[in-house]
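The values are calculated or read from the model by the stated rules, or taken from the named source; none is laboratory data. This structure is a prediction, so every number in the text was calculated from the model and none was measured. Cβ placement follows ideal geometry from the backbone for every residue including glycine, while neighbour counts extend to all protein chains displayed. With ligands, DNA and RNA removed, areas are computed over all heavy atoms of the protein, side chains included. Shrake-Rupley method; radii C 1.70, N 1.55, O 1.52, S 1.80 Å.
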Amino acid sequence: MAGQVTVPDIRARKRNRGADPVVMITAYDAPFARVVDAAGVDIILVGDTLAELVLGYEDTLQVGIADLAHHVAAVCRALPRALVVGDMPWLTYHLEVSDTIRNAATLVRAGARAVKLEGGRRRIPAVRAILDAEIPVMGHLGLTPQSIHAMGGYKVQGREAMQANELRRDAEALAEVGCFAIVLEGVPDALAERVTADLDVPTIGIGAGAGCDGQVIVLHDLLGLAEGKAPRFVRRYAALGTAATDAVRAWATDVREGRYPSEAESYRASPELRQALDLPPL
Ligand code: KIV
């Protein structure tokens with residue numbers, strides 16, 4: 001396989017429209033970074049879904065830049081071939097521009113080679129500032145989980161023509177300012193298809209139908225490690241949560257019934273050591 005995937009590689013995939021979709025998945029630690037990289041994905045997103053899926057919080061609003069940097073560094077220690085993108089947590093790009101740049105740089109110093117942030121035209125000054133610091137930016141529009149309270153819950157966005165056109169303008173503004181790709185989350189398939197045709201940068205969909213230039217999924221959803229009812233766009237390819245509980249239960253039963261550890265799983269003491277420890281010979 002060729003070298004590491006770069007931002008220009010992803011940007012260039014727009015030319016191949018449909019023929020070579022961008023494949024992006026989340027990962028939050030080194031073992032799973034190895035797993036997804038071995039599967040040949042193009043981009044590993046260290047998403048702020050870290051909050052719910054790994055750190056046990058209620059929503060993504062609970063993580064800060066130090067949490068994200070810690071997990072970006074863990075993913076990067078796996079030395080993936082895939083491009084590692086670090087998610088900018090809520091409130092790390094909404095205040096002073098200098099804080100925004102410093103926060104993006106924290107993720108880069110942790111190993112990310114690009115950052116992602118949510119929002120449209122209102123976020124252009126933040127996007128521009130990060131780009132001016134030579135850090136590539138991925139946009140994120142539609143059902144943006146950091147706006148959960150403003151949206152009144154996790155709801156599909158852009159169902160009405162006016163809202164759909166607003167989203168189109170947001171996407172155009174992000175592409176124009178220099179985002180190298182844009183995630184479209186939780187929008188009707190036709191809107192994603194329209195935005196994908198409008199833009200000269202790749203769109204990466206999640207709950208946005210098949211008309212995008214690529215797809216992203218949350219690893220824990222795909223593997224069956226997430227709790228609760230999955231959204232309709234999630235396809236589960238494994239039931240690792242159940243498999244893991246079954247494995248731990250089997251081990252616990254073996255311990256309780258004296259089957260673990262066996263001799264082969266123990267370090268045998270020499271007869272001399274047994275004698276020195278006042279234990280009978282075996
Ligand atoms: O944080 C995340 O996992 C994301 C994806 C859902 C795109 O932003």
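Worth a mention:
- Residue match in region 67-77 (condition: touching a residue at least 60 places away in the same chain (Cβ under 8 Å), within 23 Å of Thr6 (Cα to Cα) and not in a helix (DSSP H, G or I)): no
- Residue match in region 166-185 (condition: open to solvent by 60 Å² or more (accessible area, probe 1.4 Å), part of a helix (DSSP H, G or I) and more than 24 Å from Val22 (Cα to Cα)): yes
- Residues in region 98-120 that are surrounded by 15 or more Cβ atoms within 10 Å (Cβ to Cβ) and assigned to a helix (DSSP H, G or I): Asp99, Thr100, Ile101, Asn103, Ala104, Ala105, Thr106, Leu107, Val108.
- The set of residues in region 50-66 being touching an Asp or Glu at 6+ places or on another chain (Cβ under 8 Å) and assigned to a loop (DSSP other than H, G, I, E, B) consists of Val54, Leu55, Glu58, Asp59, Val63.
- Some residue of region 20-29 being surrounded by fewer than 22 Cβ atoms within 10 Å (Cβ to Cβ), farther than 21 Å from Lys116 by Cα and away from the ligand (no atom under 13 Å from the Cβ): yes
- Counting residues in region 224-245 that are of a type outside the set (Lys, Arg), farther than 26 Å from Ile44 by Cβ, open to solvent by 30 Å² or more (accessible area, probe 1.4 Å) and away from the ligand (no atom under 16 Å from the Cβ) gives one or more.
- Subset of region 41-52 (residues that are within 11 Å of the ligand (Cβ to nearest atom), open to solvent by less than 50 Å² (accessible area, probe 1.4 Å) and of a type outside the set (Val, Ile, Thr)): Leu45, Gly47, Asp48, Leu50, Ala51
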